[in-house]
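The values are calculated or read from the model by the stated rules, or taken from the named source; none is laboratory data. In this text, all values refer to a predicted model and were calculated from it rather than measured experimentally. Positions of Cβ are backbone-derived with ideal geometry, glycine not excepted, and every protein chain shown enters the neighbour counts. Calculation scope for accessible area: heavy atoms of the full protein, side chains included, ligands and nucleic acids excluded. Shrake-Rupley method; radii C 1.70, N 1.55, O 1.52, S 1.80 Å.
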Amino acid sequence: MSTATTRTTRTPPDRTGSATAPASLSATPRPSLPSLTGLRWMAALLVFGLHVNNFGYFGGQPGRLVAWAFGPGATGVSFFFVLSGFVLMWSARPGDRALGFWRRRIARVYPVHLVTLVVAFVMAYTLSGLPRPRVRQAAANVLLVHSWWQPWWQTLNPVSWSLACEAFFYAAFPALFLVLRRLGARGTVVLGALAVVAVLVLARADSHHWLHQPLYSLPLARLPEFVLGAVTARLVLLGRWRGPGLEASLALALLGYFLVPQIRGGYTGTACTLAGFVTLIPAAALADLRGLPSLWRRPRLVRLGELSFAFYMIHLLVLRAGITVLGAKPRFGLLAGLGVTAAAFTLSLALSWLLYEAVERPARRLLLRGHRPASRPTPNNPEPVPSDA
């Protein structure tokens, strides 16, 4: 991902209704999709709002309003998992090798994970009220396998649970890529339908406690969302995606988002937002490909989207540290609540910029030095990023 420019590389507007020509399946670099980067920031912002609500910054009527607006923010994790599948399928090339792919993924997420893990570890042993992890819990977090065991899923930096899910997706992606390359449009649609059925079945299983642990943080349970993202990208590449446009898909996503409080929380909320997220992401991609208007590719949103991974990784640590000053669930009035929220947001954003410029970018360059990918990445192609809820 490049931060030097936010200009968009576009194909001419599509007159035929297809997304791209079959030539897009070749090894040549594909057009950039800056709208996905902008959308990524909006999803990260929902997660931040969810945690502000959970930390009880607002009381009374303002608190109820914040709970209404951001209470369903846990579904933001589903958006990131679908987006991850879409972007990885979009950027994959036939000549890519699994080891090279995994190396790029480690270079993308692990340096920031490691730095924030150290920060969380220091906080656990210096601030009162924070749990101190056992050796095995900490080791599982370092290795990004802690989400497989529910009692450990929020060890140290709680948001890292979804990185463990992403690590599983990365391990599975080379095989998924091979499968999708061999499937035609009809077979790809069938695979997508099976993934939808899997989400619905798992949502019912979670709401009725059929299994021995909640499914929200279990990597295997979140795999269908990732598969759906890859499926929609494959259909766009084949020119066979026939979903609604950007405005209609955004309306569908918002409808699903505000439907979540009407049902049980946890994994079950995924079923409400799935249709909206699965249509919104390719709709935004097609808006970029066809040169159609898109709010989400504005330069400032794209820049914030580039910072969103670091923001996601640091913001909850900032909120946790704030407990030592503000206390637990202070329930402020409107003005005081807005003030502390603005302070937490500003500090989180400043630290995310520092993480991005001083850790994420230089560490990625260092880890990928001497490595030549099968194709050069396109500027502004959004890197998939996990999110917590």
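A few comments on the model shown:
- Placing +1 on each Lys and Arg Cβ and -1 on each Asp and Glu Cβ, with no other charges, gives the range 148-254 a dipole about its Cα centre of roughly 500 debye.
- Accessible area per residue for the range 138-234, computed on protein heavy atoms with a 1.4 Å probe, is 41 Å².
- For the chain, the calculated P(r) over all alpha carbon pairs, in 10 Å bins from 0 to the bin holding the longest distance, is 5, 23, 35, 26, 9, 2, 0 percent.
- Build a GNM of the chain with springs between Cα atoms under 10 Å apart, and of 289, 143, 235 the one that fluctuates most is 143.
- With the helix formula -39500 (n - 2.57) applied to DSSP H stretches of n ≥ 4, the chain reaches a computed 222 nm mean residue ellipticity of -21000 deg cm²/dmol.
- Each peptide among 189-195, 133-139 gets the average number of other Cβ atoms lying within 10 Å of its residues, and from highest to lowest they stand as 189-195, 133-139.
- Within the chain: Cβ-based charge dipole about Cα centre, in debye rounded to nearest 20 (Lys, Arg +1; Asp, Glu -1): 860
- Rg/Rh ratio calculated on Cα atoms of the range 187-251 (Kirkwood radius): 1.07
- Of the residues 246, 275, 99, the one whose Cα sits farthest towards the positive end of the charge dipole of the chain is 99 (charges of +1 on Lys and Arg Cβ, -1 on Asp and Glu Cβ, taken about the Cα centre).
- Residue 303-residue 210 FRET efficiency (beta carbon distance; Förster radius 56 Å; 0.05 resolution): 0.80
- Solvent-accessible area, 1.4 Å probe, carbon plus sulfur percent, for the range 204-301: 65
- Shown here: the range 141-185, whose C-alpha atoms stretch 43, 17, 15 Å along the first, second and third principal axes, sorted largest to smallest.
- Result for the chain in a Gaussian network model with C-alpha springs under 10 Å: among 223, 366, 46, the largest mean-square fluctuation is at 366.
- Range in the chain, longest, excluding exposed chymotrypsin sites (Phe, Trp or Tyr not before Pro) [loop by DSSP; at most 16 other beta-carbon atoms within 10 Å]: 211-389
- Using alpha-carbon coordinates, inclination of helix 219-237 to the longest axis of the chain, degrees: 30
- Residue order for 88, 250 - accessible surface, 1.4 angstrom probe, largest first: 250, 88
- Each of residue 125 and residue 325 was given a label point 7 Å from its Cα along the Cα-to-Cβ line. The distance between the two points is 2.5 nm.
- Since only 351, 150, 53 are under comparison, the one whose Cα sits farthest along the positive direction of the charge dipole of the chain, derived from C-beta charges on Lys, Arg, Asp and Glu, is 351.
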